[in-house]
1. Does Leu174 satisfy being farther than 27 Å from Lys121 by Cα and surrounded by 14 or more Cβ atoms within 10 Å (Cβ to Cβ)?
2. Looking only at the stretch 434-458, filter to residues that are outside any strand (DSSP E or B) and without any contact (Cβ under 8 Å) to a residue 24 or more places away in the chain; which one of those is nearest to Leu397 (Cα to Cα)?
3. Counting residues that are closer than 21 Å to Lys488 by Cβ and among the acidic types (Asp, Glu), which helices (runs of 4 or more DSSP H) fully inside the stretch 56-149 reach at least 3?
4. Hey, Lys178 hits all of (1) assigned to a helix (DSSP H, G or I); (2) over 29 Å from the mean Cα position of the chain (by Cα); (3) of a type in the set (D, E, K, R) but one; which does it fall short on?
5. Check Ile405, Ile377 and return the single one that is surrounded by 13 or more Cβ atoms within 10 Å (Cβ to Cβ) and farther than 30 Å from Ile453 by Cα.
6. With the structure loaded, tell me whether Lys200 is touching a residue at least 40 places away in the same chain (Cβ under 8 Å) and either surrounded by fewer than 17 Cβ atoms within 10 Å (Cβ to Cβ) or out of contact with any strand residue (DSSP E or B) (no Cβ under 9 Å at 6 or more places or on another chain) (or both) or whether it fails that test.
7. All but one of (1) surrounded by 13 or more Cβ atoms within 10 Å (Cβ to Cβ); (2) over 15 Å from Ile444 (Cβ atoms) hold for Gly385; state the number of the condition that does not hold.
8. Criterion first (touching a residue at least 12 places away in the same chain (Cβ under 8 Å) and surrounded by fewer than 16 Cβ atoms within 10 Å (Cβ to Cβ)) does Ala424 satisfy it?
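The values are calculated or read from the model by the stated rules, or taken from the named source; none is laboratory data. On a predicted model such as this, the values are computed, not experimentally measured, just so you know. Glycine gets a Cβ as well: all are built from the backbone with ideal geometry, and neighbour counts include every protein chain shown.
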Amino acid sequence: MIIMVALSKGGDVMPLKYLRKKKNVKRIMWALLIIIVPAFILWGAGSAVRDRKSGVPSVVGKIDGRKIKLQELGESAKIVYHNLFFRYGNNPDELKKFLESGVINKLGWDRLVILEEAKRKSIKVSDEEVIRFIQTFPFFTRGKAFDTKLYEHILQYNLRVEPRQYEEETRDNLKIEKLKKSVLGDLSVSEDEIRELYKKENEKTVVTYVITGSDTFLDRVTVSESELLPFYKENLENYRIPVQYALGYIKIGEEDYDTLGIVADGLFRGLKLEKISEKNSLKLEETPLFDLKGLIPGIGFSHEISSIVPKLKVESAHKELVYMEEQKFYYAITVKEKKDSHIEAFEAVKENVKEDLLNEKAKELARLKMAEDLTKIKELIATEGVSFEEAAKGLGLKTETTAEITRFGYIPGIGASEGFADAAFGLKEGDVSALLPISGGFAILKVAKLIPIDNDEFLKYMDEYKGKVLQRKEAELLDTWFKKISEKTELKVDLFGLSK
């Protein structure tokens with residue numbers, strides 16, 4: 001069937017094949033769309049060959065009894081890439097995260113699950129609906145009119161897809177949108193729900209509080225040798241060392257184009273970093289063993305390198321140079337050694353165990369002392385009519401008072417504390433809290449003042465918060481629905497592992 005497109009100029013009708021006649025566009029027609037489409041999007045076409053070599057099963061799972069082959073999953077992931085491109089095309093770094101993390105494989109699988117449900121529900125999308133979407137899609141318009149050359153250029157050079165294939169992708173995307181709308185139905189939001197969210201994010205309070213740090217009791221506690229081993233055994237996970245890596249790397253200045261070209265070519269050809277180093281007299285530096293939670297020795301902090309390293313095998317090099325913008329250097333990296341996560345031997349961490357046990361005992365003393373103070377404060381307020389501040393002062397406790405804070409505000413000496421905030425906003429004005437665990441000790445607070453939301457301001461932002469509440473309700477409903485339809489699926493591979 002020939003799909004007819006009504007172009008905006010004069011409303012004339014012509015076939016989509018007319019839009020396909022202009023080929024070999026040599027200019028980039030929109031700067032925001034300059035992006036090198038990674039080889040990943042060709043995965044689906046070649047996966048039937050690669051799965052036999054990689055050990056990945058040719059059938060990756062079943063959806064409602066239908067076998068899903070690796071190639072079909074690859075094609076679906078490629079279409080997800082097309083959709084992500086239109087969202088992140090002007091932000092290649094963000095797009096790259098999806099490709100490297102394996103999330104795109106999960107989204108590709110989810111897409112197949114949803115389309116199978118759309119088929120079961122007999123959801124249809126007409127040619128006219130496809131035409132209307134393509135014709136009005138902002139990426140394909142210029143000056144509010146559909147632009148044929150722009151449409152062809154994006155499909156040919158950015159997505160590398162034939163128009164007919166893209167039209168069918170669009171048809172499936174519209175099916176998914178229709179299914180989504182049928183699941184959501186007439187979802188409504190009450191004013192109470194809107195007000196509750198606005199209140200949670202905007203109401204304020206002023207609290208007076210006292211804190212006692214556990215460290216103030218360290219000089220009152222001791223530990224014996226016989227206590228250490230039992231404590232160690234009860235808290236083994238506290239002494240687990242995460243996976244550690246030793247890297248080899250070549251560091252290259254951003255303007256050293258000759259070296260950059262040589263190293264990039266070697267990596268592309270799959271050469272080991274040692275070979276590239278020896279052949280070109282380049283210094284190959286090595287790190288000691290380290291874990292990925294902090295700085296990389298000799299390199300510094302790099303989220304990108306830290307995300308790449310776990311995917312590499314020992315002695316294998318990452319096939320691309322990694323750029324550190326703040327340093328103005330490129331890095332070629334290889335994993336020299338990997339040490340699996342393990343729990344350190346008792347003798348190796350004996351001093352740490354002793355310190356941890358001392359802190360644990362000090363914390364318990366602080367809890368007991370603060371619980372005793374809380375009882376006395378409440379008794380003094382009830383029997384002698386003194387204020388919270390006076391009662392605390394009489395017990396030698398120093399009080400602090402916050403400025404007006406929201407639930408997510410910073411409290412001096414405490415920081416951002418969910419438990420503290422819940423207590424502060426869950427009490428009435430003048431109430432005294434229970435004993436509150438905080439980082440490094442315990443706190444007691446009194447609500448000095450509650451500042452309710454301004455109703456005029458609420459009405460001003462009501463529509464915005466209505467959208468927030470609706471979005472959350474939709475997400476919850478769709479999540480529940482998707483879990484239900486996923487009960488009919490069977491997955492045989494690690495979708496995130498496929499990217500490795």
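1. In short, no.
2. Among those residues, the one meeting the criterion is Asp454.
3. Helices (runs of 4 or more DSSP H) meeting the threshold: 103-120.
4. (2)
5. Ile377
6. yes
7. (1)
8. Considered against the rule, which asks whether it is touching a residue at least 12 places away in the same chain (Cβ under 8 Å) and surrounded by fewer than 16 Cβ atoms within 10 Å (Cβ to Cβ), Ala424 comes out as no.
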